[in-house]
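Comments concern the structure below.
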Amino acid sequence: VPKEIKLALLGFGNVGRALATLFQSKDKELQKNWGLTCLVTGIATNSHGIALEPKGIPIEEALEIIQQGGNLSRLSSGDSAKDSLDFIEKCNADVLFENTPVSYDTGQPAIDYLKKALQMGMHAITANKGPVVHAYRELSALAENHHRSFLFESAVMDGAPVFSMWREALPGANLQSFRGVLNSTTNLILTLMEGGKSFQESVTYAQKIGIAETDPSGDIDGWDAAIKIAALVTVLMNVPLKPLEVKREGIREISKEVIANGLERDKRWKLICEAHRDSDRVSASVGPMEVDANDPLFNVMGTSSAITFQSDVLGPLTLTEEDPGPHTTAYGLLADFLHAIRSS
Ligand SMILES: NC(=O)c1ccc[n+]([C@@H]2O[C@H](COP(=O)([O-])OP(=O)(O)OC[C@H]3O[C@@H](n4cnc5c(N)ncnc54)[C@H](OP(=O)(O)O)[C@@H]3O)[C@@H](O)[C@H]2O)c1
């Protein structure tokens, strides 16, 4: 008999919806290969209402309601929740997926949501970088005390196995430094500028295709890259680091002339994220740099990203991710879910 697992989705935007769709398409496989029947029993949003349904929420209908700009509460049969914390208390789920917007400076309110979920005995899984950077140790300790998992694979490089590779596949290895292209929007902008577009034209195009936000400053001024560096250093180097401690420069000063000049010399401009361990301290930075044609980051184009790790045991190890999007982020969350179920 398959084991029934109840899922609660906090945040039902691009990522939350892609996750619900992935659970639907993996339904039979999860039953057959994992012995699991997964049921979404709660979905909470900020302005599109909250649905609580112990018998399971019909995902197609929930997606339809959001598409029409409607309110999810009409999918609840009984209990209602007044806010997100109340939702976590009432959802009676085994796993909470937290996919609300990132807060660079505090990680809140997501941290409180994840804490509440762990205290209620749920696994807490997120794609949000904020709680990783601002509460990694606290949330991990809380998870351990409750014999649950706190996992966040999708917080950096979407579904690419950055965190789990270190946790599961490289026992005994120590990370000494890394260098990568971790922000899709700026890499796309730089790629478009190589094609002759100005900085502003490239930003506008990236906004039009839904890659850059209306206010693109989080990406182009390096904040998104800085918080990803901080998350990697905090978790993989075990040195707590805040985004403000990352030396940061964005790509506003890079003109298409500067880029064309680099290309003439067979070099490309990339927004490079770096961190190095120096005994018990770590120095970290993000900024635009010219890279040579023989650099593993040279051919990382468009929305792709890549990272090269240096450890005390292996030579440079590079992970490249092409064509990311909410569907690959959703896979990272599903992978976390299966890790959590397997280890509980
Ligand atoms: N997009 C990606 O591919 C990607 C990749 C890696 C990581 N992430 C991370 O994943 C998270 C979600 O991203 P997204 O692209 O799905 O964002 P999004 O499309 O803006 O969706 C955010 C969702 O959270 C809801 N929400 C906001 N505040 C809430 C609150 N206090 N309580 C409950 N729900 C709340 C929103 O509700 P309303 O719509 O009603 O306001 C919406 O459903 C972010 O932390 C992001 O950094 C995203």
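Sorted by packing (mean other beta-carbon atoms within 10 Å per residue), highest first, where do 311-324, 137-150 land?
Values: 311-324: 13.9, 137-150: 16.7.
Taking the mean over residues of other Cβ atoms within 10 Å, the ranking is 137-150, 311-324.
With θ set to phi - 60°, apply the Karplus curve 6.51 cos²θ - 1.76 cosθ + 1.60 along the range 75-84 and write out the HN-Hα couplings as whole Hz, x wherever there is a Gly or Pro.
8, 7, 9, x, 4, 10, 10, 8, 7, 5
Which percent, to the nearest 5, of DSSP beta bridges fully inside the range 1-73 are antiparallel?
Working: 3 of 11 bridges.
Antiparallel: roughly 25 percent of the beta bridges in the range 1-73.
For a quick check: with amide H placed at 1.01 Å from N, whose amide H comes under 5 Å from Val40's, ignoring anything fewer than 5 positions away on the same chain?
Result for Val40 returns Leu7, Ile57.
In nm, give the distance between the simple-model label positions of Asn14 and Gln207, each being 7 Å from the Cα along the Cα-to-Cβ direction.
1.5
Calculate, in nm to one decimal, what Ala169 and Ser47 gain on full extension: separation in residues at 0.36 nm each, minus their alpha carbon distance.
Details: separation 122, 0.36 × 122 = 43.92 nm, distance 4.06 nm.
Result for the pair: 39.9 nm of gain on full extension.
Once you sort the root eigenvalues of the Cα gyration tensor of the range 246-336 as a ≥ b ≥ c, which label holds: rounded (a/c under 1.5), prolate (a/b larger than b/c) or oblate (the other case)?
Working: a/c = 1.68, a/b = 1.22, b/c = 1.37.
Oblate, because a/c is 1.5 or more while a/b does not exceed b/c.
Name the shape class, rounded, prolate or oblate, that the alpha-carbon gyration tensor gives for the range 34-123, where a ≥ b ≥ c are the square roots of its eigenvalues, rounded holds for a/c under 1.5, and otherwise prolate holds if a/b is larger than b/c and oblate otherwise. Provide the component values of the computation, followed by the final result.
Numbers: a/c = 1.65, a/b = 1.19, b/c = 1.38.
It is oblate, given that a/c is not under 1.5 and a/b is not larger than b/c.
When a/c is below 1.5 the answer is rounded, else prolate if a/b is larger than b/c, else oblate, so apply that to the chain with a ≥ b ≥ c taken from the square roots of the Cα gyration tensor eigenvalues. Could you put the intermediate results ahead of the total?
Numbers: a/c = 2.03, a/b = 1.52, b/c = 1.33.
Prolate, because a/c is 1.5 or more and a/b exceeds b/c.
Packing-wise, with mean Cβ within 10 Å as the measure, how do 219-228, 38-47 rank, highest first? Let's see the in-between values first.
Numbers: 219-228: 25.3, 38-47: 21.1.
My ranking of the peptides, most packed first, is 219-228, 38-47.
Since every read-out is calculated from the coordinates, none of them should be taken as a lab result. Model, not experiment: these values are computed from the prediction. Positions of Cβ are backbone-derived with ideal geometry, glycine not excepted, and every protein chain shown enters the neighbour counts.
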